[in-house]
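**Student:** The structure under discussion is supplied below as C-alpha cells; questions concerning it will follow.
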C-alpha cells in the first residue's frame, strides 16, 4: 500500500483534531468532578481517583475515535 501525501496530511489532521477534542473533553470532565483531579492523583496519591480518571479517559478516547472514524 502506497501512502500518498494527502492521505498522510488527512491522518495528521484527524489525529490533531482528536487530541484537541480529547484535551477539551478531559478538561470539562475535570471541572465536572468535585476537587482537582491532578492534585488528588499526584499530591494525595489517591489510587481510586486515578483508576476512575483512567476509565473516563479511555471512554472519552473511544467515543472520539468512533466519531472521527465514522
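The values are calculated or read from the model by the stated rules, or taken from the named source; none is laboratory data. Owing to the predicted nature of the structure, the values given are computational and were not obtained by experimental measurement. In this analysis, Cβ positions are derived from the backbone assuming ideal geometry, glycine residues included, and neighbour counts consider all displayed protein chains.
**Student:** Considering every residue within region 54-70, establish whether at least one is modelled with pLDDT under 90, surrounded by fewer than 14 Cβ atoms within 10 Å (Cβ to Cβ) and not in a helix (DSSP H, G or I).
**Tutor:** yes
**Student:** Still on this structure, I have one more. Residue check, residue 63 against (1) under 17 Å from the mean Cα position of the chain (by Cα); (2) at positive phi, all met but one. Which one?
**Tutor:** Evaluating residue 63 over (1) under 17 Å from the mean Cα position of the chain (by Cα); (2) at positive phi leaves (2) as the failure.
**Student:** Among the residues of region 34-52, count how many are surrounded by 11 or more Cβ atoms within 10 Å (Cβ to Cβ) and either at positive phi or touching a residue at least 24 places away in the same chain (Cβ under 8 Å) (or both).
**Tutor:** Summing the residues that are surrounded by 11 or more Cβ atoms within 10 Å (Cβ to Cβ) and either at positive phi or touching a residue at least 24 places away in the same chain (Cβ under 8 Å) (or both) in region 34-52 gives 1.
**Student:** I would also like to ask the following. Looking only at region 5-22, filter to residues that are exposed (fewer than 11 other Cβ atoms within 10 Å of the Cβ) and modelled with pLDDT of 90 or more; which one of those is nearest to the chain's Cα centre (by Cα)?
**Tutor:** Step by step, filter region 5-22, then rank; the result is 16.
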